[in-house]
Amino acid sequence: MNPFSSQPLTRRGLLARSSSIPGMIGATAFLSQQSLSEAAASQAMGCHFAPRAKRVIHLFMNGGPFGGDLFDPKPELEKYAGERPAGADLTTERPTGGLLPSPFKFRNCGESGVPVSELLPKLSEHIDDICVLRSMHADNPNHGPALLQMNNGTILPTRPSMGAWFLYGLGTENQNLPGYVVLCPGRPVRFSILWNSAFLPSAHQGTYINHSKIKPSAMIPNLANPQWNHNTQRRQLDLLRQLDEEVQRQQGEDSQFDARVQSMETAFRMQTQATDAFDLNRETKSIRESYGQGHFANGCLLARRLVERGVRFVQVYYGNGQPWDTHSGHDDKVPNLCKSIDQPIAALLGDLKQRGLLDDTLVIWGGEFGRTPTSENGNGRDHNHHGFSMWLAGGGVRGGMTYGETDEFGFKAVENKMHVHDLHATVLHLLGLDHERLTYRHAGRDFRLTDVHGRVVQEILA
């Protein structure tokens with residue numbers, strides 16, 4: 001039967017008819033509505049030079065941890081506890097009280113002797129693989145804009161996320177899985193705009209997975225397809241592809257329509273591949289136990305399973321909302337927060353290393369900003385974008401070192417200051433991409449992840 005024997009079929013009409021095909025539309029709806037990134041290798045730009053890292057795992061601490069508790073000890077806080085010393089610039093977005101010491105002890109760890117808090121005993125065993133960035137700073141102290149800048153390079157909501165830029169530059173290594181996966185057991189403040197592709201081709205957007213339940217069928221709704229067998233689905237997709245090619249010959253190319261067809265193809269392949277990739281029960285009991293329990297532990301283990309299967313970029317958000325946003329009861333909350341990340345991150349780094357993946361997998365840890373050394377609400381800390389800590393491991397980064405310094409109280413970056421743009425430029429460099437050459441023409445100008453800023457921090461490269 002010739003599908004074009006009557007009046008020409010419009011793209012919208014074709015898409016409407018194709019969406020009635022049972023058996024694949026469940027997964028297709030998930031792909032389109034939940035922003036599952038389609039296979040993007042054919043649209044990749046390619047490396048500008050030899051990469052050190054092939055993939056990235058971003059461990060995101062929603063709300064912003066305080067570096068003075070974890071990686072940046074500040075003994076002067078104890079000396080001036082409760083005071084606001086004359087001449088010290090401690091101005092924040094809201095009024096805060098005097099300096100608030102951290103009650104947690106530090107010790108020099110590893111062969112490198114880098115100081116790490118007692119709150120992270122298991123992670124401290126891996127400090128010789130970690131580069132602590134003590135002098136990070138950003139442009140805005142509010143969660144929404146800061147989340148956008150850390151993820152999208154700007155406080156504006158109309159720019160592609162860094163994961164979308166990674167895929168645009170490099171493509172994916174596994175056509176059966178999305179190249180960019182976001183694991184979050186709830187909703188961060190800005191939700192899907194943090195992993196959108198904006199004006200980049202839609203094939204590069206992120207895939208949101210709520211991993212609050214560990215069964216693959218619960219994480220990915222409508223993944224299973226009981227109504228149609230594999231061969232029937234394949235025939236339906238082949239027909240859809242033929243119809244699309246015929247319409248393109250008649251009416252010209254349509255990238256948005258092509259992306260939708262690609263999403264159907266990816267949905268079809270994921271019905272077998274995703275079941276394997278997201279099934280933590282396929283891991284040995286000893287591996288499961290090494291990561292510990294909880295959403296973040298499961299997210300770290302899923303991240304390892306995904307990157308070893310060729311997923312280019314995996315983000316693991318810590319919890320629902322902003323758990324590290326400790327405006328009150330800071331000293332009571334931080335130990336529990338650290339306990340829930342210490343074992344999983346240590347296991348992730350050890351697991352990657354044992355499998356030979358750490359050398360070309362870049363692990364990033366941090367939040368959208370830090371917290372103040374001054375008190376809020378008695379025993380709380382306010383937002384601080386002037387100076388905060390992050391760390392990198394693997395993927396061509398020098399381990400067992402610190403880079404940059406904050407002032408004596410841990411409020412502002414003062415030595416070897418590293419802006420978010422510099423972080424993005426450095427990550428792109430490790431992936432073999434020149435941040436000044438990775439551009440996309442839109443609205444009459446060339447855009448890039450680092451806008452018109454950014455410096456590759458060569459000092460931290462191995």
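Quick note: the coordinates plus some simple rules give every number you see, no bench work behind them. Computed from a predicted model, the values in this text were never measured in an experiment. Note that each Cβ is placed from the backbone with ideal geometry, even for glycine, and that neighbours are counted across all protein chains shown.
Stretching Arg282 away from Arg249 to a fully extended chain increases their span by 7.3 nm, per 0.36 nm per residue minus the current alpha-carbon distance.
Less than 5 angstrom separates the built amide H of Thr207 from those of Ser37, Tyr180, Val181, Val182, all sequence-distant by 5 or more or on a different chain.
Between Glu408 and Glu78, full extension at 0.36 nm per residue minus the direct alpha carbon distance yields a gain of 117.7 nm.
Name the shape class, rounded, prolate or oblate, that the alpha-carbon gyration tensor gives for the stretch 402-462, where a ≥ b ≥ c are the square roots of its eigenvalues, rounded holds for a/c under 1.5, and otherwise prolate holds if a/b is larger than b/c and oblate otherwise. Note, shape of the stretch 402-462 comes out oblate. At an R0 of 45 angstrom, the distance between the Cβ atoms of Asp89 and Ala462 translates into a FRET efficiency of 0.80. Of the peptides 367-380, 103-116, 191-204, the ranking by mean beta-carbon count within 10 Å, highest at the top, reads 367-380, 191-204, 103-116. The Cα atoms of the stretch 25-460 give a gyration tensor whose axes a ≥ b ≥ c have a/c of 1.5 or more with a/b greater than b/c, which makes the shape prolate. Here the 3J(HN,Hα) profile of the stretch 288-293, calculated from phi with Karplus coefficients 6.51, -1.76 and 1.60 at θ = phi - 60°, is 4, 5, 5, 7, x, 10 Hz, Gly and Pro shown as x.
Here the label points at Asn379 and Arg455, each 7 Å from Cα along the C-beta direction, are separated by 4.1 nm in the simple model. First measure r as the distance between the Cβ atoms of Thr275 and Phe199, then evaluate 1/(1 + (r/R0)^6) with R0 = 41 Å and state the FRET efficiency to the nearest 0.05. Result of the calculation: an efficiency of 0.75. Pro85 sits among other residues whose Cβ lies under 15 Å from its own Cβ, and their net charge, with Lys and Arg +1 and Asp and Glu -1, is -2. Compared with the alpha-carbon gap, the fully stretched path from Arg235 to Lys333 is longer by 29.8 nm at 0.36 nm per residue. Of the residues Gly67, Cys300, Gly396, the one whose Cα sits farthest toward the positive end of the charge dipole of the stretch 25-460, with +1 on the Cβ of Lys and Arg and -1 on the Cβ of Asp and Glu, is Cys300. Sequence-ordered 3J(HN,Hα) estimates for the stretch 452-458 from the Karplus curve with 6.51, -1.76 and 1.60 and θ = phi - 60° stand at 10, 10, x, 9, 6, 7, 5 Hz, glycine and proline given as x. Between Thr158 and Ser212, the simple label model (points 7 Å from Cα in the Cβ direction) yields a spacing of 3.4 nm.
Ser192 to Arg437: FRET efficiency via 1/(1 + (r/R0)^6), r the Cβ-Cβ distance, R0 25 Å, to the nearest 0.05? Step by step, r from the Cβ atoms, then E = 0.35. Counting only lysines at least 8 places from Lys353 when in the same chain, those with an alpha carbon closer than 29 Å to its own are Lys54, Lys105, Lys122, Lys213, Lys215, Lys285, Lys339. A convex hull fitted around the alpha carbon atoms of the stretch 298-340 yields 75 Å³ per residue.
When the P(r) is computed for the stretch 333-462, the part past 26 Å accounts for 37% of the Cα-Cα pairs. Whole Å is fine, so just give me how far the alpha carbon centre of the stretch 71-100 lies from that of the stretch 381-453. So the two Cα centres are separated by 26 Å.
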